[in-house]
Amino acid sequence: MKKSLFVLLLAFAATGLLVAQNSDETQVTIVVNNLFKAMQTNDTVLFKSVFADQVTMATVAKNREGKLVLERETGIAGFLKAIAKPNPKGAFNEEIWNLKVQLDGDFAQVWCDYAFYLGNTFSHCGVDAFHMMRTADGWKIFHLADTRRRQGCNVPQNIQDKHK
């Protein structure tokens, strides 16, 4: 009887951990989706709400000469300015797929493929990597890194069709 009770308690504990992890994965995914919604709708309040007070950003890309460069920013001011008003060429539409979430307590990492469209015009693709921390106000992005390229993009057909 004691052994059965112990096994039952372990099963409940494991289920509770799984539910907590799934809830955290859901919350982290909502943060990522809210960032892209804010970009698309020029919602600066929503945009600021997904970031921690201190943020670093980095982009790995090739410049016009084809040389690999690492661009870094310490803060979201430039990013915020870019989305603050509607772009005459269309909304910033960043479509993602292959989203992977990893969690360790109050730290989360999200990795996903993306394709960026200005309105319905394809601009570039790459990978987004988010680092987040759990705060009193929920999960917040404290580091965002991405890659950018214009070729070799395997954008899923349903995303391509959405932007025709």
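The values are calculated or read from the model by the stated rules, or taken from the named source; none is laboratory data. This structure is a prediction, so every number in the text was calculated from the model and none was measured. When we count neighbours, we look across all protein chains shown, and the Cβ atoms used for this are built from the backbone with ideal geometry, even at glycine.
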_Residues of region 134-164 satisfying the condition of being assigned to a strand (DSSP E or B), among the β-branched types (Val, Ile, Thr) and surrounded by 16 or more Cβ atoms within 10 Å (Cβ to Cβ)_ = ILE141, THR147
_From ASN63, ASN120, ASN98, residue being modelled with pLDDT under 95, under 29 Å from GLN151 (Cβ atoms) and of a type outside the set (Phe, Trp, Tyr)_ = ASN63
*Could we say that ALA91 is among the aliphatic types (A, V, I, L, M), touching a helix residue (DSSP H, G or I) at 6+ places or on another chain (Cβ under 6 Å), within 23 Å of ILE159 (Cα to Cα) and surrounded by 15 or more Cβ atoms within 10 Å (Cβ to Cβ) here?*
yes
*ASN42 vs. criteria at pLDDT 95 or above, more than 24 Å from GLY138 (Cβ to Cβ) and touching a helix residue (DSSP H, G or I) at 6+ places or on another chain (Cβ under 9 Å)*: no
*Looking at this structure, is ALA108 without any contact (Cβ under 8 Å) to a residue 12 or more places away in the chain and over 25 Å from GLY152 (Cα atoms)?*
no
*Considering (1) modelled with pLDDT of 95 or more; (2) closer than 15 Å to LEU35 by Cα; (3) not in a strand (DSSP E or B), say which one CYS112 fails and leave the rest.*
(3)
*Could you say which residue among LYS89, LYS162 is over 17 Å from GLU25 (Cα atoms) and in contact with a Leu (Cβ under 7 Å, 6 or more places away or on another chain)?*
LYS89
*What are the residue pairs meeting all of these: first residue in region 135-164, first residue under 27 Å from LEU70 (Cβ atoms), second residue part of a loop (DSSP other than H, G, I, E, B), Cβ atoms under 6 Å, and 6 or more apart or on different chains?*
ILE141/VAL50
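Conditions (1) more than 12 Å from the chain's Cα centre (by Cα); (2) among the small types (Gly, Ala, Ser); (3) part of a strand (DSSP E or B), marked per residue:
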residue: ASP24; (1), (2), (3): yes, no, no
residue: VAL28; (1), (2), (3): no, no, no
residue: GLN40; (1), (2), (3): yes, no, no
residue: THR59; (1), (2), (3): yes, no, yes
residue: GLU65; (1), (2), (3): yes, no, no
residue: VAL69; (1), (2), (3): yes, no, yes
residue: GLU94; (1), (2), (3): no, no, yes
_Which listed residue, of ALA82, ALA91, is at pLDDT below 95 and among the aliphatic types (A, V, I, L, M)_ = ALA82
